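Presented below is the structure to which this report refers.
The values are calculated or read from the model by the stated rules, or taken from the named source; none is laboratory data. Not measured: the values here are computed from a predicted model. Note that we place each Cβ from the backbone using ideal geometry, even for glycine, and neighbour counts take in every protein chain shown.
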Amino acid sequence: MRARTHASTVCTGPPIMVQLQSQPPGRDGLPHRTLVGELMTPKVTTVDPWTGFAQVVAALRTHHHGLVPVVDDQRRVVGTVSASNLLARLARQALPSHLRVPDARLPHALRRRAAAVVAGELMTAPVFTVSVDATAAEAARLAARHHLHHIPVVDDQEHLVGMVCLCDLLGALDRSDDAIRSEVLFIAVRQDLDVERSTLLVDCQQGRVALRATTARRSQAETLRERVLAVEGLADLADDLFWQTDDTRTPVPGHRP
């Protein structure tokens, strides 16, 4: 028997045995994935490309997300207008008077938006959207990659169905210790991992999980650890995993174990 441990901050106190319970309906023993549709705001204020400047300002001042999608007559997102788009006109007023006329020395976006009168001229396009069936993790990756704070949510026909912001996505991480502990337990007892249940110990405090288990094969122990690390809301993992057989070692030709 060989043991593999992960150096990490261990939860305060020893791990405790968790009583096995029946698996919740619809769960397959894999880490739960919160979908964007569970976190988004479904009621979204929109404008069309011909909405006037004043109406766009009014919509933004009353809009929860600080960003208004611009949609066509099929509710497909063609752009977005944010406060920064509108403030180009205000910023232009701070320039010296001789620079307020069209001038090649001014940034193109500032010149264009300072003269805009409808949403189609004010908007940023093309726009990044996320599917209502995407996971919160996928939406977070999109936001991080493109520095987004608000993302329009669309269905499989590209129709706008909601809006999700970074604070909304944090909902996937806002879980109790009991919920995280239960999730780790259900992952560990999945049949393909072949965990000896008498060896299974799980504890969770403030999102930090301590896990001890024995599997039949080393590859199963590594799969167990990978799945637990994917649990939403998990802040840290301290694992003490054992296995009966190391099936990851490459056999040496002519060598008998």
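What the table below lists for this structure:
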read-out: Total residues in segment 156-193, condition at pLDDT below 95 and on the phi > 0 side of the Ramachandran plot; value: 0
read-out: Whichever residue in segment 154-191 is among the charged types (D, E, K, R) and crowded, with 17+ Cβ neighbours inside 10 Å and, among such residues, is nearest to residue 38 (Cα to Cα); value: 168
read-out: Subset of segment 192-213 [in contact (Cβ under 8 Å) with a residue 24 or more places away in the chain and of a type outside the set (A, V, I, L, M, F, W, C)]; value: 192, 194, 197, 199, 203, 205, 206, 207, 208, 212
read-out: Residue match in segment 224-239 (condition: at pLDDT 95 or above, buried (at least 18 other Cβ atoms within 10 Å of the Cβ) and out of contact with any helix residue (DSSP H, G or I) (no Cβ under 8 Å at 6 or more places or on another chain)); value: yes
read-out: Residue 134 vs. criteria of a type in the set (Gly, Ala, Ser) and surrounded by 20 or more Cβ atoms within 10 Å (Cβ to Cβ); value: yes
read-out: Breaking point among (1) modelled with pLDDT under 65; (2) part of a loop (DSSP other than H, G, I, E, B); (3) more than 30 Å from residue 240 (Cβ to Cβ), for residue 113; value: (2)
read-out: Count of residues meeting criterion [surrounded by fewer than 19 Cβ atoms within 10 Å (Cβ to Cβ) and either touching a Ser or Thr at 6+ places or on another chain (Cβ under 8 Å) or closer than 18 Å to residue 165 by Cβ (or both)] in segment 47-62; value: 3
read-out: Verdict on residue 61 being farther than 30 Å from residue 241 by Cα, of a type in the set (D, E, K, R) and at pLDDT 50 or above; value: yes
